1. Looking at region 195-247, which of the residues that are of a type in the set (Lys, Arg) and under 24 Å from PRO302 (Cβ atoms) is modelled with the highest pLDDT?
2. Restricting attention to region 39-51, which residues are open to solvent by 30 Å² or more (accessible area, probe 1.4 Å) and more than 21 Å from PHE68 (Cβ to Cβ)?
3. Can you tell me how many residues within region 390-446 are more than 29 Å from GLN339 (Cα to Cα) and open to solvent by less than 20 Å² (accessible area, probe 1.4 Å)?
4. Of GLY113, GLY166, GLY83, GLY121, which residue is on the phi < 0 side of the Ramachandran plot, in a loop (DSSP other than H, G, I, E, B) and crowded, with 24+ Cβ neighbours inside 10 Å?
5. Just to verify a result, which residue in region 170-183, among those that are of a type outside the set (A, V, I, L, M) and more than 22 Å from the chain's Cα centre (by Cα), is modelled with the lowest pLDDT?
6. For region 144-162, which positions are touching a residue at least 60 places away in the same chain (Cβ under 8 Å) and either assigned to a helix (DSSP H, G or I) or charged (D, E, K, R) (or both)?
7. Is there a residue in region 63-74 that is of a type in the set (Gly, Ala, Ser), touching a residue at least 60 places away in the same chain (Cβ under 8 Å) and over 16 Å from GLU138 (Cα atoms)?
8. Quick one: count up the residues across region 323-358 that are at pLDDT 95 or above, outside any helix (DSSP H, G or I) and open to solvent by less than 30 Å² (accessible area, probe 1.4 Å).
Amino acid sequence: MASQAVTSWGRVFRPDQQVLGMPSRHASLPLPADGAATVLPHGNGRSYGDSNLNPGGALVLGRQLDRFIEFDQATGLITCEAGVLLSEILRLIVPQGWFLPVTPGTQFVTVGGAIANDVHGKNHHLVGSFGNHVTQFELLRSDGSRRVCSPTQHAEWFAATVGGLGLTGMITWAQIQLRRIANPYLQTESIRFRSLEEFFELSQASEADYEYTVSWIDCAFAGKRLGRGLFNRANHAPAVMNPALAAKLPNPVEASSRRVPFTPPLSLINNLSLKAFNLAYFNRQQGDRVQALQHYRPFFYPLDALLEWNRIYGPKGFYQYQCVVPPEQALPATRQLLQTIVDSGMGSFLAVLKQFGAPPSRGLLSFPMPGTTLALDFPNQGERLHRLFAQLDGIVQAAGGRLYPAKDGRMGAQIFKSGHPQWPAFSPFVDPRFSSGFWRRVMEST
């Protein structure tokens with residue numbers, strides 16, 4: 001099959017790759033005719049960098065495996081093929097009184113991708129990451145072998161595949177334990193904070209009583225405005241709700257069909273628009289505390305309301321930088337990261353700050369660990385941006401932190417290996433015919 005250009009969500013990389021179909025979970029794994037060429041499962045393309053790309057090799061279209069297999073409405077166990085989107089699961093389960101145990105910031109990711117990146121959500125402090133709720137899956141290897149993996153069956157393969165970036169083989173189907181809900185609504189509270197110290201106080205005060213916590217943080221201003229933001233916390237609404245809130249019950253809405261219609265010739269995100277946005281966003285709510293009853297979609301997936309929003313960064317695309325630093329270094333390291341970003345003049349209007357909790361991840365290469373995670377989007381400004389990334393890397397490493405491979409498009413071997421010390425234990429599980437641009441970079445670069 002002829003090669004074609006395929007990009008990831010950040011739209012920085014557009015390498016040529018073969019694209020191979022996988023129409024059935026019962027089919028053999030398609031492999032390139034060239035015995036030396038490698039393959040990589042590719043879901044819905046929502047990873048930001050090159051962990052879902054395989055330049056010069058082939059991609060296997062996992063999104064074609066899009067069938068539901070079984071849903072037990074009494075126990076909340078759902079079994080589906082790995083190409084099913086989280087949005088498709090939600091459409092099925094929410095009317096039946098169930099919800100995803102963990103969800104990332106977009107519903108347009110596949111189940112296989114959620115496992116391969118061991119995605120996390122706003123409730124990590126209580127329930128851990130996605131892999132903690134996967135009960136079993138089937139792994140198809142390039143030699144034709146199939147393994148049903150779980151925490152007790154082929155447990156070593158389970159640990160390598162959860163967070164394993166699609167490198168151990170192709171997940172064909174998976175079973176997930178859902179969580180009960182009474183309705184599609186959340187009782188939310190948005191709290192304006194004016195310092196990092198206040199953010200950490202709110203986080204600590206909210207951990208026990210709120211299932212979901214996340215903050216937007218202003219990274220455009222220095223001085224007294226450094227570290228200010230909006231702290232959001234929420235719980236699923238009970239069957240019997242507060243009458244005052246119930247009176248304002250919003251109607252459920254379907255996913256938006258609005259989209260960015262074209263890619264502008266230049267990034268719409270610049271220093272002027274960034275400061276204007278951050279100023280307006282910080283002051284968008286009346287009062288320092290606002291309570292509301294909210295449908296789950298705008299709370300969990302605000303960016304999904306505008307399809308193809310990644311186009312606003314222009315033809316050069318953008319990078320996301322996401323790190324986590326341990327609790328004992330969280331306050332000084334986060335302050336240093338924000339100050340370095342402000343000093344560079346290259347801020348992010350999509351800046352998210354939240355806490356990871358104690359529940360351990362099941363994957364050898366899983367990103368979450370106890371501590372504070374900061375995620376930021378930057379327009380691609382070439383070497384100038386990479387110099388900033390090098391400074392941020394130094395802060396993260398000094399604090400004993402790590403970077404998120406699913407969001408990365410440029411980290412080198414040293415910071416990857418120091419942040420993910422279990423990589424030697426993971427490497428033997430990599431399928432000899434599987435590879436990615438990310439894996440070759442962090443294994444071969446110096």
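1. Selected residue: ARG233.
2. Result: TYR48, single match.
3. 6
4. Working: GLY113 fails: in a loop (DSSP other than H, G, I, E, B); GLY166 fails: on the phi < 0 side of the Ramachandran plot; GLY121 fails: crowded, with 24+ Cβ neighbours inside 10 Å.
Exactly one of GLY113, GLY166, GLY83, GLY121 is on the phi < 0 side of the Ramachandran plot, in a loop (DSSP other than H, G, I, E, B) and crowded, with 24+ Cβ neighbours inside 10 Å, namely GLY83.
5. Selected residue: ASN183.
6. GLU156, TRP157, PHE158, ALA159, ALA160, THR161
7. no
8. Residues meeting the conditions: 8.
The values are calculated or read from the model by the stated rules, or taken from the named source; none is laboratory data. As the structure is a prediction and not an experimental result, all values here were calculated from the model. Neighbour counts run over all protein chains shown; Cβ positions are idealised from the backbone, glycine included. All accessible areas refer to the heavy atoms of the entire protein, side chains included, with ligands and DNA or RNA removed. Shrake-Rupley method; radii C 1.70, N 1.55, O 1.52, S 1.80 Å.
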